[in-house]
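The values are calculated or read from the model by the stated rules, or taken from the named source; none is laboratory data. Here the structure is a predicted model, which is why all the values come from computation and not from measurement. When we count neighbours, we look across all protein chains shown, and the Cβ atoms used for this are built from the backbone with ideal geometry, even at glycine.
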């Protein structure tokens, strides 16, 4: 904050930036010069005058004689600043705080060799990664984690609200992360459940993205789906791929069963656009209530003007009781 003696307080830019709590006091400033003229007129009529004639050659004007107006000018400035202070210059800073209960979301992405199929350009995996990142951007205060899987699952990122970090992890996903071949749907879902089963959250969901049947792992997908239901985790399954131009066919059967048992929903994505629409639909289904609290921090800035008013008032009294208050009046 600027020191009160700074000229900052009298700059036009500063004055225009204020919000005035009692702006009608500013209109009173216009009356200050008239008050001074009325005061001078009344004083002039009340003071007895002795007419004295001087030759024109002996009458001269001196700059010192103008100092007799200084006490009145200082008083006018003081009164003006008092009105400015009474107008209560303020600056208000509005703050908004958004609060959401949030939900816990685990993304499970198949990175097996079949996800490199190019029926979705540039590949099934590349499209899934891009759409998953956009899905994350659309969430607010949700904790999101990531599991990738092929022949075995790998926990890429625990539940977090650091979306930038999560998107970096997704960007670095590649099939070489897991060397074990196959598609372990049951194990991948089991790892998602393990991440959320002890969390006290009203809403917990898992999104399973794959293009095939369960061909690896030691946990049956149906058992995993039953466990998900038992722990209150809803599973959305997405089958990715277009059978028309692909050598790797899409098997929907297991994914449909998982979604049905866990009271989630099954989706089929045949291109990038439909995959995007699926994530938009999941966004719509899993909307969270956001409560926004607005705060207004108001700070008063009348103190500098009040201090300057006192300074000018004291200077006015001092000038009045000096030789300047008696020039041409003796």
Pick from the range 141-158 the residues that are touching a strand residue (DSSP E or B) at 6+ places or on another chain (Cβ under 6 Å) and outside any strand (DSSP E or B): which of them is surrounded by the fewest Cβ atoms within 10 Å (Cβ to Cβ)?
141
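Hey, can you tell me all the residues within the range 104-124 that are in contact with a strand residue (DSSP E or B) (Cβ under 8 Å, 6 or more places away or on another chain) and either part of a strand (DSSP E or B) or at pLDDT 85 or above (or both)? Give the steps one after another, and end with the answer.
Initial filter on the range 104-124 (in contact with a strand residue (DSSP E or B) (Cβ under 8 Å, 6 or more places away or on another chain)): 104-112, 115, 120, 124.
104, 105, 106, 107, 108, 109, 110, 111, 112, 115, 124 - these are the residues of the range 104-124 that are in contact with a strand residue (DSSP E or B) (Cβ under 8 Å, 6 or more places away or on another chain) and either part of a strand (DSSP E or B) or at pLDDT 85 or above (or both).
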Close pairs from the range 1-17: first over 18 Å from residue 88 (Cβ atoms) and assigned by TED's automatic domain parsing to the domain that holds residue 308, partner modelled with pLDDT under 80 and not in a loop (DSSP other than H, G, I, E, B), Cβ under 6 Å, at least 6 apart:
none
What pairs come up if the first residue lies in the range 18-43 and is closer than 20 Å to residue 92 by Cα, the second is assigned to a helix (DSSP H, G or I), and their beta carbons are under 8 Å apart, counting only those six or more places apart or on different chains?
20/26; 22/86; 25/83; 25/84; 25/86; 26/83; 26/84
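When the residues of the range 124-136 are filtered to those that are free of Cβ contacts under 8 Å to residues at least 60 places away in the same chain and in contact with a helix residue (DSSP H, G or I) (Cβ under 7 Å, 6 or more places away or on another chain), which remaining residue is nearest to residue 180 (Cα to Cα)? Outline the logic, then answer.
The initial filter retains those residues of the range 124-136 that are free of Cβ contacts under 8 Å to residues at least 60 places away in the same chain, namely 125-126, 129, 133, 136.
With in contact with a helix residue (DSSP H, G or I) (Cβ under 7 Å, 6 or more places away or on another chain) added as a condition, the list becomes 125, 129, 133, 136.
Values: 125: 17, 129: 20, 133: 25, 136: 28 Å.
Among those that are free of Cβ contacts under 8 Å to residues at least 60 places away in the same chain and in contact with a helix residue (DSSP H, G or I) (Cβ under 7 Å, 6 or more places away or on another chain), it is 125.
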Restricting attention to the range 200-228, which residues are more than 30 Å from residue 271 (Cβ to Cβ) and in contact with a strand residue (DSSP E or B) (Cβ under 6 Å, 6 or more places away or on another chain)?
201
